[in-house]
Amino acid sequence: MKITVSLIKADVGSVAGHVRVHPELINVAKQSLEEAKKKGIIIDYYVFNAGDDLELLMTHTKGVDNPTIHELAWNTFLKAKEKAEELHLYAAGQDILSTAFSGNVRGMGPGVAEMEFEERKAEPIVVFAADKTEPGAFNLPIFRIFADPFCNPGLIIDPRQHDGYRFVVVDVIEGKQIELSTPEEMYDLLALIGHTSRYIIKYVYSKHEDIGIAAVVSTERLSLIAGRYVGKDDPVAIIRAQHGLPAMGEILEAFATGHLVKGALRGSHHAPLLPVPLKYSQCTRFDGPPRIVGLGFCLANGKLIGPIDLFDDPAFDWTRMKVMQIMDYIRAHGPFEPHMLSEQEMEYTTLPKVLERLKDRWKPYKSTPGK
Ligand code: F6R
Ligand code: MG
Ligand code: MG
């Protein structure tokens with residue numbers, strides 16, 4: 001049976017700043033998706049939050065980019081936005097960039113990760129949702145899951161993973177994409193995806209036709225869509241696991257590093273990524289640290305069995321401690337790079353105004369002091 005898993009998210013307002021989605025917004029979204037489930041539009045759903053982002057996980061048989069599913073998500077976000085306005089929540093409607101729906105939520109503000117595949121007899125999946133960061137934050141862990149044997153030993157010792165994977169990488173500035181195969185083209189892949197603001201892993205495919213798609217990441221960049229900064233493009237991803245694909249542990253291992261990502265405070269800082277359970281899915285210190293939640297499910301003819309709150313585990317306590325140590329260290333740099341992003345990458349800056357005010361006070365540089 002061919003099943004589509006759609007994870008569509010938007011920030012439509014949050015409590016106490018850009019901190020956390022209000023439970024009433026989650027209820028509004030649940031009601032909306034429950035109605036759609038009763039009407040047979042979707043098979044199943046799960047609503048959750050990643051910090052200030054409302055996450056709609058849906059299963060159905062309509063394929064990716066389906067107008068009915070996208071309209072359902074869009075209308076659900078509009079209902080949640082109304083509730084956010086009623087409660088005077090902060091930044092109500094932040095990611096609703098358009099007033100009229102035109103068949104697809106891409107380019108309208110929400111982030112989308114969708115995949116269609118033949119459901120296996122047992123179909124374990126994990127959905128990840130991060131807050132206060134950007135889609136390129138997934139480049140490093142997705143590379144390590146699907147191409148680094150020091151993270152995923154299955155690449156060496158599992159006969160099917162041993163053949164490697166195909167990666168689709170998007171250039172989000174020029175709007176084009178390329179397919180690269182690992183392990184053969186690993187260095188070319190790394191030459192691109194190390195530049196996390198421009199080259200973003202969108203899809204990963206198994207080289208085995210019967211398995212097909214393995215991972216998908218949202219690549220919407222709000223700043224590029226709107227031509228101006230309108231909020232963080234906080235990303236989501238879906239990964240299939242086991243039986244010829246990475247084991248769940250080989251996937252989660254990639255999040256034990258607490259790697260540095262872009263997007264903390266005012267979208268203008270590097271900070272380490274903190275893996276958290278749903279109960280801690282709220283951004284606090286320094287509007288962060290950027291956080292990620294991971295929910296594991298099995299599919300049963302599209303029905304979502306689960307979730308397992310995968311980072312709700314002492315195995316990630318050490319990562320969390322390490323991340324907070326890194327946070328203290330990087331915070332000590334204050335308004336200096338590399339804590340602060342480069343001039344071109346900052347989403348808030350006063351630099352043009354400061355330069356304008358100081359423009360007449362610059363003098364030609366002289367190498368001899370006092371002359
Ligand atoms: C939001 C984010 C936050 C905000 C910051 C300022 O996703 O990254 O760090 O940028 O709280 O928000 P405003 O300008 O709304 O006061
Ligand atoms: Mg927000
Ligand atoms: Mg957010």
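Every read-out reported here was derived from the displayed coordinates using simple, explicitly stated rules and does not represent laboratory data. Here the structure is a predicted model, which is why all the values come from computation and not from measurement. Note that we place each Cβ from the backbone using ideal geometry, even for glycine, and neighbour counts take in every protein chain shown.
When the P(r) of segment 235-274 is calculated, the portion above 17 Å amounts to 47% of the C-alpha pairs. Converting phi to 3J(HN,Hα) with the Karplus coefficients 6.51, -1.76 and 1.60 and the offset θ = phi - 60°, segment 101-116 yields 7, 10, x, 7, 6, 4, x, 9, x, x, x, 9, 10, 9, 8, 10 Hz in sequence order, with x at every glycine or proline. For K279, the lysines whose Cα comes closer than 19 Å to its Cα, not counting residues fewer than 8 places off in the same chain, are K9, K30, K132. For the cross-link pairs K176/K353; K2/K207; K62/K83, the ones whose C-alpha atoms lie over 27 Å apart are K176/K353; K62/K83.
Shown here are the Rg and Dmax of the Cα trace of the chain, at 21.2, 82 Å. Once the chain from A122 to I308 is taken as fully extended at 0.36 nm per residue, the excess over their C-alpha distance is 65.4 nm.
Starting from the Cα gyration tensor of segment 1-132, take the square roots of the eigenvalues, sort them a ≥ b ≥ c, and report rounded, prolate or oblate (rounded when a/c is under 1.5, otherwise prolate if a/b is larger than b/c, else oblate). Prolate shape, in that a/c is at least 1.5 and a/b is the bigger ratio.
Ranked by the mean number of other Cβ atoms within 10 Å per residue, highest first, peptides 197-210, 301-314, 249-262 order as 249-262, 197-210, 301-314. With the simple model of a label 7 Å out from the Cα in the direction of the Cβ, R331 to I156 spans 3.9 nm.
With both labels modelled 7 Å from their Cα along Cα-to-Cβ, the K279 to A16 distance reads 1.6 nm. Taking other residues whose beta carbon is less than 14 angstrom from the beta carbon of F297, and scoring Lys, Arg as +1 and Asp, Glu as -1, yields -2. In loop segments of segment 294-371 as defined by DSSP, the GluC sites (Glu not before Pro) with at most 12 further C-beta atoms inside 10 Å of their C-beta are E343.
At 222 nm, what value in deg cm²/dmol follows for the chain if DSSP H runs of at least 4 each add -39500 (n - 2.57) and the sum is divided by all its residues, to the nearest 500? Show your work: numbers first, answer last.
Values: 10 runs with 94 residues, N = 371.
About -7500 deg cm²/dmol.
Counting only DSSP beta bridges whose two residues both lie in the chain, roughly 95 percent are antiparallel. With K and R counted +1 and D and E -1, the other residues having a Cβ less than 9 Å from that of P235 yield a net charge of -3. The coefficient of translational diffusion for segment 273-363, derived via Stokes-Einstein from the alpha carbon Kirkwood radius under 37 °C and 0.692 mPa s, stands at 197 µm²/s. When peptides 1-13, 357-369 are sorted by average Cβ neighbour count within 10 Å, with the highest value leading, the order is 1-13, 357-369.
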